[in-house]
Amino acid sequence: MSNKKRIALDMDEVIADVIPKFLDLYEAEFGQRLTTNDFRGRKIYDTPAAYKIRNHLFDKGFFRDLPLMANSQEVVRWLHDYYDIYIITAATEFKNSLEDKYEWLEEHFSFIPWQRYIFCGDKSFMKADYMIDDKASHLAKFDGKGLLFSASHNVESTGDFTRMNSWLEIKAFFEEELKKDGIVV
Ligand SMILES: [Mg+2]
């Protein structure tokens, strides 16, 4: 049993960037390249006309080639030395995503073993010291310290969490936490 503290880490819009693909799909469908301001406070597909592009989440391959969020790989690699990192993703709505996500994690985060992949629908069972997620509703059901990763859809979200605007902010946050725990980095 490890005596490291545990971090529960989300995938989409935290380490994996779904936005470029949705911008492409939106543009292919409606002939317009959206900017971040166009979907402030919501998902790109959260309009009656655009909702159908959400269906691409069910496509085999959608999640396999998503780009990394800036600095996520390096900072998670650093965190891995000091914390037990569990990947927890609410993925089971999209059964075709499961293999894609597994392979994506093997490709980009090979230092996290498969024993720490949790593909689920509801994260409320998760016991950890920290949870990093872009969805405030997951953090609301979490007992530990919640870190909300900023995304267009959550700019209005409020709750018992600390907002993080980048992976460099997350690194700075954990440098302070490690200091409090007496761990020299
Ligand atoms: Mg997410």
Structure-based [θ]222 nm, the chain - -39500 (n - 2.57) summed over DSSP H runs of at least 4, per residue, nearest 500: -8500 deg cm²/dmol
0 to 90° range, to nearest 10: angle between helix 97-108 axis and the chain longest Cα axis: 50 degrees
With +1 on the Cβ of every Lys and Arg and -1 on the Cβ of every Asp and Glu, the dipole magnitude of the chain about its Cα centre, in debye rounded to the nearest 20, is 340 debye
Would you mind telling me the antiparallel percentage of the DSSP bridges in the chain, rounded to 5? 5 percent
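Given R₀ = 41 Å, FRET efficiency for GLU103-SER2 by Cβ-Cβ distance, to 0.05?
Details: r = 26 Å, r/R0 = 0.63.
Once rounded, the FRET efficiency stands at 0.95.
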Quick one: Cα centre-to-centre distance for the range 24-98 and the range 105-149, in angstrom? 15 Å
In terms of the alpha carbon gyration tensor, root eigenvalues a ≥ b ≥ c, rounded if a/c is under 1.5 and otherwise prolate when a/b exceeds b/c or oblate, the range 88-185 is oblate
If you build a Gaussian network model of the chain, linking Cα atoms that sit under 10 Å apart, which residue out of GLY144, GLY31, GLY41 swings the most? GLY31
DSSP loop GluC sites (Glu not before Pro) with at most 15 other Cβ within 10 Å: longest gap in the chain: 1-92
For LYS141, counting only lysines whose alpha-carbon sits under 22 Å away and dropping same-chain residues fewer than eight positions off, the answer is LYS5, LYS43, LYS123, LYS127
Kirkwood estimate for the chain, i.e. one over the average of 1/r between Cα atoms, Å: 17.2 Å
log₁₀ I(q)/I(0) of the range 19-58 at q = 0.26, 0.27 Å⁻¹, via Debye over equal Cα point scatterers, no solvent, to two decimals? -0.91, -0.98
Rounded to the nearest 10 degrees, what's the angle between the helix 167-180 long axis and the longest principal axis of the chain, both from Cα atoms, 0 to 90? 20 degrees
Between the Cα axis of helix 19-30 and the main Cα principal axis of the chain, the angle (0 to 90°, nearest 10) is 10 degrees
Which value, in debye to the nearest 20, gives the size of the charge dipole of the range 19-58 about its Cα centre, when Lys and Arg are +1 and Asp and Glu are -1 at the Cβ? 160 debye
How much length would be gained if the chain were fully extended between GLU176 and SER110, taking 0.36 nm per residue of separation minus their Cα-Cα distance, in nm to one decimal? 21.1 nm
What are the residues whose amide H is under 5 Å from the amide H of ILE112, where those residues sit 5 or more places off or on another chain and H is modelled from the backbone? none
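Just so you know, all these numbers are worked out from the coordinates, no wet-lab data involved. This one's a predicted model, so the numbers in the text were calculated from it and none came from an experiment. Methodologically, a virtual Cβ is constructed for each residue, glycine included, from the backbone with ideal geometry; neighbour enumeration extends over all protein chains shown.
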